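All remarks here apply to the structure that follows.
The values are calculated or read from the model by the stated rules, or taken from the named source; none is laboratory data. Everything numeric here is computed off the predicted structure, so don't read it as measured data. All Cβ positions, even for glycine, are placed from backbone atoms using ideal geometry, and neighbour counts span all protein chains on display. We work out accessible area using only protein heavy atoms, side chains counted, and drop any ligands, DNA or RNA first. Shrake-Rupley method; radii C 1.70, N 1.55, O 1.52, S 1.80 Å.
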Amino acid sequence: MTDPLLHHQARIDLAAAFRCAARFDMHESIANHFSVALSDDGGRFLLNPVGRHFARIRASELLVLDATNPAALQGPDAPDPTAWHLHAELHQRLPHARCILHTHMANTTALCCLQDFEFLMLDQNACRFYGRIAYDRDYSGMALEASEGQRVARLLGPGKSVLFMGNHGVIVVAPTVAQAFDELYYLEKAAKVQVLALSTGRPLALIPDPVAALACAQWNDYPTRFSEQHFNELKLILDQEEPDYKT
Ligand SMILES: [Zn+2]
């Protein structure tokens, strides 16, 4: 993405994703991290600056990083080290994953903490993720080495775009910021339904696999650019209520 206009738009879109994540309580303190690739090979990418609350992030202050240059960790604008190790490795190894979102959002993380849990095909929103979720059941502390990012990249194999990180949180990858944010939003919505339904202790009315697969295909083939429309609406709200995200 050498085109300055595309680079500028990537900054605005990623800043909007941070602001919306804070609005929807999907953030955590000054932690968690989102990135978007700038180069075709994913080697150059935007990432949030260390220590900044999602609700205050501006487009102009996003870091431009080179995934092949670990010296970035030494500079005055060094990124959060766990963010670096995850996003640099994922962008290099999964160039199709243009946008990478990592959060500890509560309902999805709660499900990530259940033993041997697999995401339930429990409601229509859940079906959107049919067959696309990978699971990391080997939590081993914070990602402070490149090897952790490499391990995570291997788990996000072909056809997988969501990683449930056991005892930790979630990673969502997508071709655009709009699609990634829409995924994050619907994942947390579906996870909330599952947490609520599980909390009743009543038997669950699970959707049969063939129906879940059909609903997933229907989500994919829906005759509108749903993710883009959703994200554009969110940006219009931000334009009215907190337009400084674009600056
Ligand atoms: Zn994390």
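Here are a few things to note about the model shown:
- Distance between modelled label sites at residue 69 and residue 116, nm, 7 Å Cα→Cβ extension: 4.9
- Accessible surface of the chain [probe 1.4 Å, protein heavy atoms]: carbon and sulfur percent: 54
- Residues residue 50 and residue 93, FRET efficiency given R0 of 25 Å [Cβ-Cβ distance, rounded to 0.05]: 0.60
- Amide H contacts under 5 Å for residue 33, placed H, 5+ residues apart: 102
- Cα pair distances in the range 88-220, grouped into 5 Å bins until the bin that holds the longest one, percent each: 2, 10, 20, 24, 21, 14, 6, 3, 1
- Largest first, the extents of the alpha carbon coordinates of the range 42-100 on the three principal axes equal 30, 23, 18 Å.
- Dipole orientation for the range 53-167: of the candidates 152, 125, 75, 125 has the Cα lying most toward the positive pole (charges on Cβ; Lys, Arg +1; Asp, Glu -1).
- Assuming charge only on the beta carbon of Lys and Arg (+1) and of Asp and Glu (-1), the dipole of the chain about its Cα centre is about 200 debye to the nearest 20.
- The residues of the range 118-247 have, on average, 52 Å² of accessible surface per residue, using a 1.4 Å probe with all protein chains present.
- Proximal lysines to residue 235, defined as alpha-carbon separation beneath 16 angstrom and excluding residues fewer than eight positions away on the same chain: 246
- Computed over the chain, the per-residue total of -39500 (n - 2.57) for DSSP H runs of n ≥ 4 gives a 222 nm mean residue ellipticity of -13500 deg cm²/dmol, rounded to 500.
- Averaging 1/r across all pairs of distinct Cα atoms in the range 4-246 and inverting the result yields a Kirkwood radius of 18.3 Å.
- With the simple spin-label model, which puts each label point 7 Å out from Cα in the Cβ direction, the residue 124 to residue 189 separation comes to 1.0 nm.
- Residues in the range 161-176 carry Karplus couplings, in order, of 10, 10, 10, 7, 9, x, 6, 9, x, 9, 10, 10, 10, 7, x, 9 Hz; the curve used is 6.51 cos²θ - 1.76 cosθ + 1.60 with θ = phi - 60°, and Gly or Pro positions show x.
- Stokes-Einstein diffusion for the range 86-162, with the hydrodynamic radius set to the Kirkwood value over Cα pairs and evaluated at 4 °C in a medium of 1.567 mPa s, equals 94 µm²/s.
- Normalised by residue number, the volume inside the convex hull of the Cα atoms of the range 1-129 is 132 Å³ per residue.
- Under a 5 Å amide H cut-off, with hydrogens placed 1.01 Å from N, residue 113 pairs with 167 among residues at least 5 apart or on other chains.
- Accessible area in the full protein assembly, largest first, 1.4 Å probe, for 128, 93, 225: 225, 93, 128
- Straight-distance crosslink candidates among aspartates and glutamates, where the alpha carbon sits under 15 Å from residue 192 and sequence neighbours closer than 8 are dropped: 25, 118, 123, 183
- Listed residues 85, 230, 168, most fluctuating in the chain (Gaussian network, C-alpha, under 10 Å): 230
- Across 64, 170, 195, mean-square fluctuation computed from a Gaussian network of the chain (C-alpha pairs under 10 Å connected) peaks at 195.
- Kyte-Doolittle mean at least 0.0 and Cα axial length at least 24 Å: DSSP H helices in the chain: 4-23, 177-200
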